[in-house]
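These notes concern the structure reproduced below.
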Amino acid sequence: MQIDFIAILPEIILTVTALLVLAADLALRGDAKQFVNPLAGLGTVAAIIATVALWGSERVTFGTMYVVDDFAVLFKLLFLGTLLAILAISWRYIAEHRFFQGEYYFLLLTSFIGMLLMPSSRDLIMLFIALETVSVPAFVMVGMRKRDLYSSESALKFFLLGVLAAALMLFGMSMVYGFAGTTDLVGIAAAISGETASVPLLLGSVMLVLVGFGFKISAVPFHFWAPDTYSGAPMPVAAMLAVASKAAGFAGLVVVAFIAFEPVADVWGPMLGVLAVLTMTVGNLIALQQRDLIRLLAYSSVAQAGYILIPFGLARTGPGAAVVNAAAIEAVVFYLIAYAVMNVGAFAVAIAVERRTGLRSIADYAGLSGRSPLLAMGMTVFLLSLGGAPLTVGLWAKFAILEAIAVDITLFGIVLAGFLVVNSVIAFFYYLKVVRTVWMDEAPAGLPQLQPGFNLSAVVVVLMVGTLVLGVLPGLVTDFSSVISIVAAG
Amino acid sequence: MMLLAQAAEAGAGNTAEVLLFWVFAVLALGSALALITMRNIVHAALMLVLNFLSIAGLYLTLESAFLSIIQVLVYAGAIMVLFLFVIMLLGVDNDDLLTSEPTARVLAVAGGALLAGALLFAFVGPATSPASVCGPDAPAAAPDQFDCRGLAEAYGEDDPSGVAFVGRTMFTRYTYAFELSALLLTVATIGAVILARRQDLAPEDEDEVDGVPGAPADGDDAAALARAGLPATERAEGGEHHAEVGDPEPEDHEPSGSPDDHERRG
């Protein structure tokens, strides 16, 4: 069998980088250890180049198990871009806290390798390995602040719930395999189409598989770990979990739902739709009451996961389904890109404020506009965008979802749209509360100077510009009709 | 289980095989039940060994000799021995005997019974009927789809134990997943080293762990804050909240305790 090494080049580059980082950490001493960060950054840039070169081609390798098409490349670029931003915001944070630096970057890179695999996987086994490669390094990274009991507690929670979700998913996968006789996603779709599609056992196993992804994206019945884990983890790790890991979960969910389980979309569609409603409502209502910014961002990210789940609720099967499903996938991809830009930005500002002082409750952001206009501007833009204000990419992200609903209007679609609008209004309340604190409240005396440093400032500026530019010209990333090629497979 | 029994019957029609199936099946289920009900963790681990062994027996009745031997070597052998070593090294006190709330136990039993009932109901219905994809009446093999071959056919004439079959599959279609599991194991090892490492660092790395009490290493800013009369670290993290319907008042936890306490545990 011929292996297409070009197709897996980005993953190979990241793997080599991860191992180099680990070796460099051994060789370097003391303060020099922090230079593993630019090393990891170089590897990421190389991986980005290798990924961009794959755009436009369709490569299939390892049997039919691994497919690199535009859908996968777009996701890979999203992950690698996020990785670059997270590396930049990690540098001083990790160097100052003096964690296990080499190991941290090794684990970070490994986790992203798992994410790169996710949108390309076309086999349940591959999907499971990819999901575990995302999760296992994250378990360790969350617990890295060993001296802090919070960190240990949050790591343990994350680990136990993560393992439970993985076990449930494996159980579901094994039953799907028992039913379909294959782990290949296209093969599963072929096997479960037709009359056999409504068998309760099959539907139960499909639900179990979806649970595993539901945990990853912190959809509502499975969201309990998120706030505690985000607030206990080192902050760059929280940003990684809130953005990249969630996007990876969605990538896997798109692949498994729209390819393998497409014949039963009439069942999981409405179910995920209900989950979307629950997720955004519960996330937003709890976020209203938070006083800690990280916990607020955590619940807001739960709510955002709810918005992204809405297009899944529209999915259907049968004649004419391809148009609806394609629009749904497009909305998911666009929302994820927008979400990554604005949420990484919000975490970057939070890191800049928390660094060296440990201040993280919303009251501590009082008078941020006077202390650091750049950070205040950044926070405002990112939060408004998360809320979906005009002139930011957040508005278009929500618009993309409404557009997907409008493709074929159904009663359920209208209900989902209603919940989306109402929840956006609720979300604005708490986002604006933070913005008001930043601009209107008086800064308490005696606060030390904020020194975000070059990297953090650069990330904040780039993401702020990205949020605004995409807010004015969303067409820059919405035009990817080729991305939804995977629908045809279903 | 009935499905498996049927498979065993259909496979060979051999009474010894059916007999072995029932022996191993009962052993596997019994040891699994014992595993989760035993209060002594060493006994539970031994039950797990028994469970692995009986599953190896089940593989044998399914004509997967190679898989069965690997199961014994890797799981029942290596992994369980490691488990037992860890348990022995940590020591088992009477305090460690596992206890659970009576209500939790009742709920667990009820939930388990419900799940088992639902699964049995679902299995016995469709999966043994002609509707099942690879049921007894399934058509031989559609050309461009997966085929419902039995293991013996998949293995081929020259490979009665399935070694070549497993090898071929693992190093063609599943190569990538196989290599990735190696990466995953590396991550697990490194993670275990990081999280379990105590004070055994090289001297120059010593402050890498000691200087970090959860807050920044150089305390000037923290001290400045304290002077300014602010709560040094207002961490409204509320780690214990389960975020059921919102935690409006995040508690201020004690600052994470002395680092040594944390470190000495375990």
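The values are calculated or read from the model by the stated rules, or taken from the named source; none is laboratory data. Since the model is a prediction, treat every value here as computed from it, not as a measurement. Note: ideal-geometry Cβ built from the backbone for every residue, glycine included; neighbour counts use all protein chains shown. Side chains included, ligands, DNA and RNA excluded: accessible areas come from the protein's heavy atoms. Shrake-Rupley method; radii C 1.70, N 1.55, O 1.52, S 1.80 Å.
The listed residues are A:ALA276, A:ALA322, and the only one of them that is surrounded by fewer than 24 Cβ atoms within 10 Å (Cβ to Cβ), touching a residue at least 24 places away in the same chain (Cβ under 8 Å) and away from chain B (no Cβ under 14 Å) turns out to be A:ALA322.
Of all the residues in segment A:445-486, those that are part of a loop (DSSP other than H, G, I, E, B), at pLDDT 75 or above and open to solvent by less than 50 Å² (accessible area, probe 1.4 Å) number 3.
Restricting the search to helices (runs of 4 or more DSSP H) fully inside segment A:79-187 and requiring at least 2 residues that are more than 8 Å from chain B (Cβ to nearest Cβ) and open to solvent by 30 Å² or more (accessible area, probe 1.4 Å) gives A:149-180. For A:VAL52, the stated conditions do not hold, so it cannot be described as open to solvent by less than 20 Å² (accessible area, probe 1.4 Å), away from every other protein chain (no Cβ under 11 Å) and more than 16 Å from the chain's Cα centre (by Cα).
State yes or no: is A:VAL45 within 18 Å of A:ALA88 (Cα to Cα) and open to solvent by 40 Å² or more (accessible area, probe 1.4 Å)? Considered against the rule, which asks whether it is within 18 Å of A:ALA88 (Cα to Cα) and open to solvent by 40 Å² or more (accessible area, probe 1.4 Å), A:VAL45 comes out as yes.
A Cβ distance below 7 Å, combined with a sequence gap of six or more or placement on separate chains, defines the contacts here; from segment A:181-192, residues that are within 12 Å of A:ARG122 (Cα to Cα) reach residues that are among the charged types (D, E, K, R) in the pairs A:THR183/A:ASP123; A:ASP184/A:ARG122; A:ASP184/A:ASP123; A:LEU185/A:ARG122; A:LEU185/A:ASP123; A:VAL186/A:ARG122; A:ALA189/A:GLU262. Here is the figure for segment A:285-301: residues that are over 25 Å from A:SER151 (Cα atoms) and surrounded by 24 or more Cβ atoms within 10 Å (Cβ to Cβ) total 0. Of all residues in segment A:272-328, those satisfying the criterion of being touching a helix residue (DSSP H, G or I) at 6+ places or on another chain (Cβ under 8 Å) and polar (S, T, N, Q) are A:THR279, A:THR281, A:ASN284, A:GLN290, A:SER300, A:SER301, A:GLN304, A:THR317, A:ASN325. Considering every residue within segment A:212-221, establish whether at least one is open to solvent by less than 10 Å² (accessible area, probe 1.4 Å), within 14 Å of chain B (Cβ to nearest Cβ) and under 30 Å from A:ALA95 (Cβ atoms). Within segment A:212-221, one or more residues are open to solvent by less than 10 Å² (accessible area, probe 1.4 Å), within 14 Å of chain B (Cβ to nearest Cβ) and under 30 Å from A:ALA95 (Cβ atoms). Put simply, of A:VAL333, A:VAL353, A:VAL341, A:VAL407 the only residue that is crowded, with 20+ Cβ neighbours inside 10 Å and under 30 Å from A:VAL264 (Cβ atoms) is A:VAL333. When we screen A:LEU28, A:LEU22 for residues that are modelled with pLDDT under 95, over 28 Å from B:PHE171 (Cβ atoms) and surrounded by fewer than 23 Cβ atoms within 10 Å (Cβ to Cβ), the only hit is A:LEU28.
For segment B:155-181, the tally of residues that are open to solvent by less than 50 Å² (accessible area, probe 1.4 Å), within 11 Å of chain A (Cβ to nearest Cβ) and part of a helix (DSSP H, G or I) stands at 6. Of the candidates B:THR103, B:THR37, B:THR99, the single residue that is at pLDDT 85 or above and more than 30 Å from B:ASP159 (Cβ to Cβ) is B:THR103.
Put simply, of A:ALA303, A:ALA239, A:ALA326 the only residue that is part of a helix (DSSP H, G or I) and more than 26 Å from A:THR437 (Cβ to Cβ) is A:ALA326. Of all residue pairs spaced 6 or more apart or on separate chains, those with beta-carbon atoms under 7 Å, a first member in segment A:113-124 that is under 12 Å from A:LEU74 (Cα atoms) and a second member that is open to solvent by less than 10 Å² (accessible area, probe 1.4 Å) and outside any helix (DSSP H, G or I) are A:SER120/A:TYR66; A:SER120/A:VAL68.
Any residue at all in segment B:69-87 that's free of Cβ contacts under 8 Å to residues at least 40 places away in the same chain, open to solvent by less than 30 Å² (accessible area, probe 1.4 Å), assigned by TED's automatic domain parsing to the domain that holds B:ALA25 and over 27 Å from B:ALA16 (Cα atoms)? Within segment B:69-87, one or more residues are free of Cβ contacts under 8 Å to residues at least 40 places away in the same chain, open to solvent by less than 30 Å² (accessible area, probe 1.4 Å), assigned by TED's automatic domain parsing to the domain that holds B:ALA25 and over 27 Å from B:ALA16 (Cα atoms).
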